[in-house]
Amino acid sequence: MLPVLAALLALLCPASGSAADTVDLRILAINDFHGYLHPPGGIKIADPADKTKKIMVEAGGAEHMATLIKQLREGNKNTIFVAAGDLIGASPLLSAMFHESPPSSRCR
């Protein structure tokens, strides 16, 4: 991951030119996506209007994330998107094939 970021920074901030040359860079990063193509239903957060209450907001899923990334990139030409890992399902293939059910429920 670090070599990729170093290469991108080298492209955006070449060594030539004065030391005063700077480039604003926005890095959008995710981790632990786990292949959630569809949203898991949202998360509860504190209600901005009343901190004593919780509200449900949409969260997760590829479509929601893509929309958010697009919004965050708007007006920021030097934006990169990186992912640190766990982008696909976190279960071993055999477990995922049986939808995480325990062996006793499969052997009837």
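Scanning segment 57-83 for residues that are small (Gly, Ala, Ser) and open to solvent by less than 80 Å² (accessible area, probe 1.4 Å) turns up ALA59, GLY60, GLY61, ALA62, ALA66, ALA83. If you go through segment 16-48 and pick out every residue that is among the hydrophobic types (A, V, I, L, M, F, W, C) and in contact with a strand residue (DSSP E or B) (Cβ under 9 Å, 6 or more places away or on another chain), you end up with 9. Among residues of segment 28-53 that are more than 28 Å from GLY75 (Cβ to Cβ), those with a Cβ under 6 angstrom from a residue that is assigned to a strand (DSSP E or B) and open to solvent by less than 100 Å² (accessible area, probe 1.4 Å), sequence gap 6+ or separate chain, pair up as ASP47/ILE55; LYS53/ASP47. When LEU12 is tested against (1) open to solvent by 100 Å² or more (accessible area, probe 1.4 Å); (2) at pLDDT below 85, exactly one condition is not met: (1).
Among the residues making up segment 42-56, those that are surrounded by 10 or more Cβ atoms within 10 Å (Cβ to Cβ) and of a type in the set (A, V, I, L, M, F, W, C) are ILE43, ILE45, ALA46, ILE55, MET56.
The values are calculated or read from the model by the stated rules, or taken from the named source; none is laboratory data. The structure displayed is predicted, hence computed values, not measured ones. So basically every Cβ, Gly included, is an ideal-geometry build from the backbone, and we count neighbours across all protein chains shown. Note: accessible area is taken over every heavy atom of the protein model, side chains too, but ligands, DNA and RNA are not part of it. Shrake-Rupley method; radii C 1.70, N 1.55, O 1.52, S 1.80 Å.
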